[in-house]
Amino acid sequence: MGRIGTEVWAGLAMLVVAVGVAAPTLFGLNNATVSGFWWAAIFVAFLAGLVLATSARRRSVRYAALLSAVLASWALVLTAQSTGILLILLVVAAATSVYVVPLWATLVLVGLNTSVIASVALIHTHDLVEGGILTGFYLLIQLATALSTTAFVREQCAREQLARANVDLKAANVLLSESARTAERLRISRELHDLIGHQLTVLTLELETARHVDGARARVHAERANEVARALLRDVRATVGRLRNEAPDLEHALRDMTDALPGLDVTVEVSPTVRVGERETTALIRAAQEIVTNTLRHADARELWIDVVGDGETVTLRARDDGRGAEQLRLGNGLRGLRERFEELGGGVWIDASSGFQVTVRAPV
């Protein structure tokens, strides 16, 4: 589950707590200094602020939503004739702020909340000692909640960074392994050409000379040997060409790179008709790496499907996830670099974020 998804679930949990705390006042069991309608309206504004603060994509909207939730929480406790556990609404607001603002800003909010709690305690208890105990109690609860939530958020961020680093490392390992195998194929091809190819060439020349030797039988055998030698030479050259052009196993490479990612189930399907060279394979692996990294970072998705098909002239990689997509698509450096890579190959990249996140890359074989 991505960080945005975690924030949404946290917001829902806080909503449940807030409704439970406010229920006595909402149902008239606890009176307020304003009418029940207006108190309920302020409470709805508080809930709406919590939801937007933990789910909105724009930072400015999140800031405004948090501010409205904080002000509404103050209004709710100040207008209630008996606060009781209603002060927990301030704790909820402080916990929510961890997902929106830095820790120092949350601590400032805790201080402001504590001032409101101290005012309410003095109004309702008229006892400095009792008011001080109540204020200190809720101060400790706010600090404990804010710090524990901060630790949880940092742990989630660390897991996401680890998952992205894991994808990059796997991709690097795949490409490094393929690079080593390519170097080995080139070495073998050179050996075949320098040793066997040279020997067969010499044999062909010698037998070509033997054709001019007197004797019908010798001439017949020499011609047959000459044909065999030339056939062997063609076979060696064909083998050398195959060794040079053989591409790594694309499906195996993609599966290795996407295997066992935390919080994301990746399904890879490569059509048996796909035939690509080393350059195209490297580009497709880099494309899958960028797609998986973006899915982990932005999509809040649980599943990702990657399909690769080919028709002999072009190869196409299509990826789609079950995430939330984006209303406005902004290409980062990674996707821009991906587009440039495939345009250099004579292909292109197409992106659709209207329903989930879908990426199509295509290159000529």
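Summary table
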quantity	calculated
Any hit, the stretch 305-321, residues being of a type in the set (Lys, Arg), surrounded by 15 or more Cβ atoms within 10 Å (Cβ to Cβ), within 19 Å of Arg362 (Cβ to Cβ) and touching a residue at least 60 places away in the same chain (Cβ under 8 Å)	no
Unmet criterion (only one of (1) in contact with a Pro (Cβ under 8 Å, 6 or more places away or on another chain); (2) under 21 Å from Ser148 (Cα atoms)) for Leu90	(1)
Residue within the stretch 59-81 that is more than 30 Å from Gln328 (Cβ to Cβ), open to solvent by 60 Å² or more (accessible area, probe 1.4 Å) and outside any helix (DSSP H, G or I) present	yes
Residues located in the stretch 289-345, provided they are among the small types (Gly, Ala, Ser) and not in a loop (DSSP other than H, G, I, E, B)	Ala299, Gly310, Ala319, Gly334, Gly337
Residue within the stretch 274-282 that is surrounded by fewer than 17 Cβ atoms within 10 Å (Cβ to Cβ), over 24 Å from Ala56 (Cβ atoms) and at pLDDT 90 or above present	no
Only listed residue being of a type in the set (Lys, Arg), more than 15 Å from the chain's Cα centre (by Cα), surrounded by fewer than 23 Cβ atoms within 10 Å (Cβ to Cβ) and within 17 Å of Ala253 (Cβ to Cβ), chosen from Arg362, Arg286, Arg341	Arg341
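The values are calculated or read from the model by the stated rules, or taken from the named source; none is laboratory data. Given the structure is predicted, the values throughout are model-derived calculations rather than measurements. Heads up, the Cβs are rebuilt from the backbone with ideal geometry, glycines too, and the neighbour counts pull from every protein chain shown. These area figures cover heavy atoms from the full protein model, side chains too; ligands, DNA and RNA do not enter into them. Shrake-Rupley method; radii C 1.70, N 1.55, O 1.52, S 1.80 Å.
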